[in-house]
Structure formats: structure tokens, C-alpha cells
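Working notes, beginning with the structure itself.
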Amino acid sequence: MNMNGANSHDIQSLLSSSARDFLIRSNGDQVKIDSLKGKKIGLYFSASWCGPCQRFTPILAEVYNELSRQGDFEVIFVSGDEDDEAFKGYFSKMPWLAVPFSDSETRDKLDELFKVMGIPHLVILDENGKVLSDGGVEIIREYGVEGYPFTVERIKEMKEQEERAKREQSLRSVLTSHSRDFVISSDGRKISVSDLEGKTIGLYFSMSSYKASAEFTPRLVEVYEKLKGKGESFEIVLISLDDEEESFKRDLGSMPWLALPFKDKSREKLARYFELSTLPTLVIIGPDGKTLHSNVAEAIEEHGVGAFPFTPEKFAELAEIQRAKEESQTLELVLVSGDLDFVVGKNGGKVPVSDLVGKTILLYFSAHWCPPCRAFLPKLIEAYKKIKERNESLEVVFISSDRDQTSFDEFFKGMPWLALPFGDARKASLSRKFKVSGIPMLVAIGPSGRTITKEARDMIAVHGAEAYPFTEERMKEIDGQYNEMAKGWPENVKHALHEHELVLDRCGVYSCDGCDEEGRVWAFSCDECDFCLHPNCALGEDKGTKDDKSEEQNPSKEGWRCDGGLCYKG
């Protein structure tokens, strides 16, 4: 984020053209550019086709509507839409001004002048046209109205206030605001924050539409009611990130605890204050008002009421218990639950878990709907068959995240190994035990029944069958082999296929820009250009040409790609 740019811009010449000295409102009214003199300006680069823009525009509108009462701040929409109809539809939702869509010359000029590489993008200018920041999107998201007037001094002041608040934190400083000193119950009653002081408080960041939150809430309700039943001094305050009031009310109505009011302004501030990065998150505030833990959701899932009172001493005790469990882990303890003491083969027949004891077992968390899973499956099958051909004692158990039996059957029929039955209750407990947050995931269980690694997917992807038996010792052996392989290679090379010097680097799996074949472990690369050559290509005699296939270059065209919170050019 660039604050306080050195250059100043004349607003009139910046926003006008030879044929136009005005901006427009969504109703078609014209507003003279010289009426903006003395105002701070936000140049908002955005487009209707951009998902991140669609999500950010309402946030900016809320801030704008509050600041517009002061009369010294204006936002100007600089559209990246592809046609006038899309522009008008998107602009109709905006309360500010815009450069007319027909004036593509001015829009392109602004785009180039402010080096707009991704949208949404908000450049903030002061009253004299000087750039205060080109990171307006981040400022608005983090600080909202409180960040105004968006100067470097104000942002610095806000950061210092947050640091001071953390040092002097109390329950009141966390949960109250200038206009509110209460939270609400599920029936709408106001509960004074002072009534909660001296208790252990859980701040529950959640969103009803988010699957992980919906799945965690019943577990949290169970733990909460058990702790209250035991008379523990514990309370939870929901900090809902829902934007629809009906969803908020429905969610809170099913919960036995308290909440911040719907769309309370403190929710964004608290999300930033506690550096919220995932949902669900349950922050624990101790009886003294200080933060005990940044997120105990995982501990609640795994240990239930046993995690209370969430102190460092309690977590040290739980860690010791966990270490003891891992030391005594057996395959039956991992895969058997009550009468569920079997996996299934290709014909649907039951295979007792006891038949697998003494083997290396790979637990393959995957699903048919998941493209990375489908891409990884052939590599795993290839490695599996090669290992089995060596008469090694290996088995794979497919643990499905498919949505229906048909999808499970379709995916499983292409696999040469075993599986948990579709919808098996053990899937949820295994996902919790191995902290499965993404698929495909491959967990290796050794012949003793202890977990060897949860990173077997990466091992197979890079080393294939050679990764067996997936131990740390085997990885060290392979590492030594690759180091021996690179002896005598130069650290840097120049190559006719690339303008920059290429550096020898360790990496995972990549596609060689010389031969278009897959490469592993070693590459000569240019980080600046994301260019890689396999050592055979980089050090071979024919350094100046690619094969016919790689000479066919894709025609460059102007376009965009959306990734996370931004859409990028190129």
C-alpha cells in the first residue's frame, strides 16, 4: 500500500476531456468537475463482471453515505465494464459520480496513470490532487469511516490506537462502542457488558451460510450447555458476519448464547483486531479481560468440555495427552468405531480392519467433484501399482467427500484399493483427527499403527513410488540422491529461450518451458518471470530452440483473471 504519493494532479485536467467538463450521476444528471474543488477524491476502478468488486462496492457505499454528510469527500467510478448496458446496471447501485462510459480515452488515461493492475482499486487524492494512498480498498475494508481522512497520519494513529487497546485490553474495550454498552440475547433483550465481566468469554465469529460454521455450531452448543450445567462461569457472544437480517435472526434463535446486534459496526473492527483468518473462530477472553487464546474451535471439536478453561496450562496438559495417544496409536484405534470394524473392497465385500494390521496404510481423503483430486488420482494409482509390484506391504483406503452414492461409486470404480463405505460415520472423526482442511489429502500410517506423515500427497507428487515407505529417513535418502545428482551443475546459466539469467533452484513439480514436460525437484528458473527449464533443457546442447509444439505461442490478448479478492490484468 502506497501512502502519500509525491505527485499532485489537477483535478479538472485529470477528469475532463476536450468535449466534457462534467461527471455524471446514475440518474443522468451532470455535475461540473470544478464543483469538486476542496474535496478529497476517491477514484474507484471497478467493473460489474468482477466478483470482488461486487462484494466491495456495498462496503464502500456504506462508508461514502456516512462521509457524504460532511460534504468534503467524493467518489468517482472509473468503469472497466465492456459495454454501456453493463456500466449502467452496475452504476445504478452507486451513490457517487462517474466518468461517462462513452469517454473511454479518459478512463484508459486514468487506468494507465495510476498503474491499475487489479480491481477493485481505490486511489485517494487530497484536496490538492495529491495521492494520499493507492490502497484505498484495504483502508476502507480495515478501518471504514474511522479511517477518514485517509492520511498517513490517520492510519498511523489508528494502528497505534489498536496497539494501545491490545496492551490495555478489557472486556469493555472489546465489546462496547461509543453508542452501545450491551449485547443482546436470542429473544432480543439487552444484556449489559458489565454483567459479563469476571467471566470467561468466547467470541464466536461465524456465518450461517458457511458450511464449516454450520457444522461446528451444534458441537459448540453441546459444550456450552454442559459447561453451564456444571455451573462454570462461561459465556459466548456471537459475532455474526451475516449480511441478511433473516439469516442472523434464524441463526441466533437456534443458539443459547448472546450476540452483538445485527451488522454492528464493531464486527469488522473486532475481525481486524483479532486477525480473523478462518471460520469458525472462537476467541477466548479470560476473566481479567485479556485474550487467552485466538481460536479454540479445533480444541472444542477434539476435546469438548475437556478444553475448558482454555488456559495455557490446560493446552499444555492436552498436548501431553495427545502425545501419549499418538505413542500408543494402533490401526484399530484409528479405523475401528464400535461395530464399524471393516472397510470395503471393489465388489462391496467387507474387509476386516484386522486384516490390514502390520501394513503401511494410506488414508486417501478425496472426492469426484474435486478437480485436484481427479488430477492426483492417476499419479497415486501409478505409484500404488509400482509399490505393490515390489511386493511391499501397502494398502490405500479411500475416504470420500462425495455428495451422493452415485458419485462415490463412479469415482471408486477407477481405484484399485479399498474404501470406507459412502456416508460412513468414521469419515467425520478421521477428518477431525487428521485436521483435513483440504483435499486431496494423503495420510500415511506405519506398520505399527502410528501416523508417519500427513504430507504423503506431496511425497507421491514429487517422488512417486520412490517415496515409499514415506518416512523421514526415506526423505533424507532421496534428498541426498538429488543433491548428488546436482553436483557439478552451474548455479547460474544463460539460455537463448529467456532474456534473464536462470538460477538453479529446488522446487516441487513444475512444467518445463523448454520441452513442456513435467519436471521435479531441480529447475533452472527465473522467479521474476515464472520461467523454468528442466536441467536437461538448460544444460543441453540445443539451447536456442524449442520443439515444434512449444514454438506455437498463444496469441496475447487483453483480459483479466480473478483470484481471491482481486481481478488481475493479463
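The values are calculated or read from the model by the stated rules, or taken from the named source; none is laboratory data. What you see is a predicted model, and the numbers here were worked out from it, not measured in a lab. Counting neighbours? That spans all protein chains shown, and the Cβs are built from the backbone with ideal geometry, glycine included. Note: accessible area is taken over every heavy atom of the protein model, side chains too, but ligands, DNA and RNA are not part of it. Shrake-Rupley method; radii C 1.70, N 1.55, O 1.52, S 1.80 Å.
Any residue that is assigned to a loop (DSSP other than H, G, I, E, B), in contact (Cβ under 8 Å) with a residue 24 or more places away in the chain, under 20 Å from G464 (Cβ atoms) and not polar (S, T, N, Q) - is there at least one of those in segment 488-510? Scanning segment 488-510, I find no residue that is assigned to a loop (DSSP other than H, G, I, E, B), in contact (Cβ under 8 Å) with a residue 24 or more places away in the chain, under 20 Å from G464 (Cβ atoms) and not polar (S, T, N, Q), so the answer is no. Taken over segment 511-529, the criterion of being in contact with a strand residue (DSSP E or B) (Cβ under 7 Å, 6 or more places away or on another chain), of a type outside the set (A, V, I, L, M, F, W, C) and over 19 Å from G464 (Cβ atoms) is satisfied by D513, G514, S525, E528. Pairing residues of segment 225-241 that are touching a residue at least 40 places away in the same chain (Cβ under 8 Å) with residues that are surrounded by 20 or more Cβ atoms within 10 Å (Cβ to Cβ) and of a type in the set (S, T, N, Q), at Cβ distances under 6 Å and at least 6 apart in sequence or on separate chains, gives F234/T200.
Filter segment 518-535 down to the residues that are surrounded by 13 or more Cβ atoms within 10 Å (Cβ to Cβ) and free of Cβ contacts under 8 Å to residues at least 24 places away in the same chain, then identify the one that is farthest from R457 (Cα to Cα). Here the answer is S525. With the requirement that a residue be open to solvent by 30 Å² or more (accessible area, probe 1.4 Å) and under 17 Å from L60 (Cα atoms), what does segment 81-110 give you? Matches in segment 81-110: S92, K93, P95.
Which residue, of K350, K359, K385, is among the basic types (K, R) and out of contact with any strand residue (DSSP E or B) (no Cβ under 7 Å at 6 or more places or on another chain)? Write out each step before concluding.
Details: K350 fails: out of contact with any strand residue (DSSP E or B) (no Cβ under 7 Å at 6 or more places or on another chain); K359 fails: out of contact with any strand residue (DSSP E or B) (no Cβ under 7 Å at 6 or more places or on another chain).
Step by step, each of K350, K359, K385 is checked, and only K385 is among the basic types (K, R) and out of contact with any strand residue (DSSP E or B) (no Cβ under 7 Å at 6 or more places or on another chain).
T281 meets the stated requirement of being within 24 Å of the chain's Cα centre (by Cα), of a type in the set (S, T, N, Q) and on the phi < 0 side of the Ramachandran plot. Within segment 263-300, the residues that satisfy the criterion of being open to solvent by 50 Å² or more (accessible area, probe 1.4 Å) and either in contact with a helix residue (DSSP H, G or I) (Cβ under 6 Å, 6 or more places away or on another chain) or under 21 Å from V193 (Cα atoms) (or both) are K263, K265, E268, K269, P287, D288, K290, T291, L292, H293, S294. Candidates in segment 232-263 are the residues that are assigned to a helix (DSSP H, G or I) and either touching a Leu at 6+ places or on another chain (Cβ under 8 Å) or of a type in the set (A, V, I, L, M) (or both); of these, the one that is nearest to G188 (Cα to Cα) is L252.
Considered as a group, the residues in segment 193-229 that are assigned to a loop (DSSP other than H, G, I, E, B) and at pLDDT below 95 include one that is nearest to D181 (Cα to Cα), and that residue is M207. Within segment 159-189, the set of residues being closer than 27 Å to S247 by Cα and either among the polar types (S, T, N, Q) or assigned to a loop (DSSP other than H, G, I, E, B) (or both) comprises T176, S177, H178, S179, R180, D181, S185, S186, D187, G188, R189.
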